[in-house]
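The values are calculated or read from the model by the stated rules, or taken from the named source; none is laboratory data. Here the structure is a predicted model, which means the values were calculated and not measured. Cβ: placed from backbone, ideal geometry, glycine included. Neighbour counts: every protein chain shown. Note: areas computed on protein heavy atoms with side chains; ligands, DNA, RNA excluded. Shrake-Rupley method; radii C 1.70, N 1.55, O 1.52, S 1.80 Å.
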Amino acid sequence: MSDHVKILAIETSCDETAAAVVVDGRKVLSNVISSQIDLHTLYGGVVPEIASRKHIEKIVPVIQQALDDAGMKLSDMDAIAVTSGPGLVGALLVGVSYAKALSYASSIPLVGVHHIKGHIAANYIEAPELEPPFMCLVVSGGHTHLVNVNDYNSFEILGLTRDDAAGEAFDKVARAIGLGYPGGPKIDKVSREGNPEAVSFPRAKVDEGRYDFSFSGLKSAVLNHLNSCSMKGEEIVQADIAASFQAAVIDVLVRNSMDAVDRFGAKKFAIAGGVASNSHLREAMESECKKRGIDFYHPSPILCTDNAAMIGCAGYYAFMAGERAPLDLNAVADLPLSDPSI
Ligand code: KG4
Ligand code: ZN
């Protein structure tokens, strides 16, 4: 092993086949992402069976491209990091099986990475000064978690969604108002032309879990509003509904996050996951952090949505802590964040 630790990272948890080469955790030499979005757009959402089949087609060329872009060979790698959960089990299995085969054939150690830990780690890549402890809001298509990052491999969940994830709510509402899939970026864009106060949608508060989230009531409120407009023959202004819905989501994300920041006295606050690329959410979080005099971090959009560079970064800190995955590593659809074996 040279002085530098080189990791080949693989990510196939949903609809992106991705591979990256990351050096010493934070230096990204290559970051290849083959997105299946166009394919799933035809069906209005991710079709798990199609995702798995596409991963099988793409995994070999995507990994080869990542090594080529980095100017390296597999034998130059010190470890292989792969997302082992959570995610779509058939999609995860493609990456996990391939990584295990590569590790076995080349005798390069294998590290299993938790997908949410990867999203959190995306923040390290462009912020060399960022170190734990900090608080992080992970908002993606499958997850809404408020987490205390106590150390590189130590996480404490403060709050999570009781029903829909934030990104899932964006996608469902976008479909209902005719914007199509994926909804997040489309709502983000169209909201710029809309009035966020046009419709007053509910901001759910989960009483027993102080920092928990709930978005299914908001989604139903949007659907009810659309129904009542159509029954009354009123015109639906897409941009106003999008902006009003988005404002409600952001209010709740900001309220819970800042309550927790105040309560725990966090000095640094980060956002991660696909929804973290939302421009309105970034602006709102940035201004709240500024008010409190604390540092705010967010990855570039390409590192917010699913990618393998973030898996390489999280994998590096797990590898340095001595974590190694056995060759019977399995894909786990609902892998918990606090699982000490990952
Ligand atoms: O992190 P990600 O790529 O996949 C999961 O791990 O789930 O997140 C995808 C989600 C989708 O729900 C997508 O609509 C949402 O992130 N998203 C956004 C934006 N860009 C992506 N949501 C709101 N605003 C955006 N700009
Ligand atoms: Zn993700």
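On the stretch given as region 1-27, residues that are surrounded by fewer than 22 Cβ atoms within 10 Å (Cβ to Cβ) and either within 17 Å of Ala91 (Cβ to Cβ) or of a type in the set (A, V, I, L, M, F, W, C) (or both) total 3. Mind counting the residues in region 250-277 that are open to solvent by less than 40 Å² (accessible area, probe 1.4 Å) and in contact (Cβ under 8 Å) with a residue 12 or more places away in the chain? Total meeting the criteria: 19. Condition check for Ile236 on (1) at pLDDT 95 or above; (2) over 16 Å from the mean Cα position of the chain (by Cα): one failure, at (1). Just a yes or no: is a residue in region 148-160 within 13 Å of ligand 1 (Cβ to nearest atom), farther than 23 Å from Lys6 by Cβ and in contact (Cβ under 8 Å) with a residue 12 or more places away in the chain? No, region 148-160 contains no residue that is within 13 Å of ligand 1 (Cβ to nearest atom), farther than 23 Å from Lys6 by Cβ and in contact (Cβ under 8 Å) with a residue 12 or more places away in the chain.
Evaluation of Ala127 against the conditions (1) assigned by TED's automatic domain parsing to the domain that holds Ala314; (2) in contact (Cβ under 8 Å) with a residue 12 or more places away in the chain shows that the sole unmet condition is (1). Of all residues in region 282-306, those being within 16 Å of ligand 2 (Cβ to nearest atom) and open to solvent by less than 30 Å² (accessible area, probe 1.4 Å) number 4.
Filtering Ala270, Ala198, Ala204 for residues that are touching a strand residue (DSSP E or B) at 6+ places or on another chain (Cβ under 8 Å) and in a loop (DSSP other than H, G, I, E, B) leaves a single hit, Ala204. The helices (runs of 4 or more DSSP H) found wholly in region 1-108 and carrying at least 3 residues that are more than 15 Å from ligand 1 (Cβ to nearest atom) occupy 48-70, 89-106. Annotation for region 131-146: no member residue is open to solvent by 10 Å² or more (accessible area, probe 1.4 Å) and at positive phi. If you go through region 219-234 and keep only what is among the basic types (Lys, Arg) and open to solvent by 90 Å² or more (accessible area, probe 1.4 Å), you end up with just Lys232. Filtered by the rule that a residue be within 16 Å of Val249 (Cα to Cα) and part of a strand (DSSP E or B), region 153-192 gives Gly159, Leu160, Thr161. The set of residues in region 135-152 that are in a loop (DSSP other than H, G, I, E, B) and at pLDDT 95 or above comprises Ser140, Tyr152. Would you confirm, using the coordinates I've provided, whether Asn153 is out of contact with any Gly (no Cβ under 7 Å at 6 or more places or on another chain), open to solvent by 60 Å² or more (accessible area, probe 1.4 Å) and either within 14 Å of ligand 2 (Cβ to nearest atom) or over 16 Å from Val23 (Cα atoms) (or both)? Yes: the conditions hold for Asn153.
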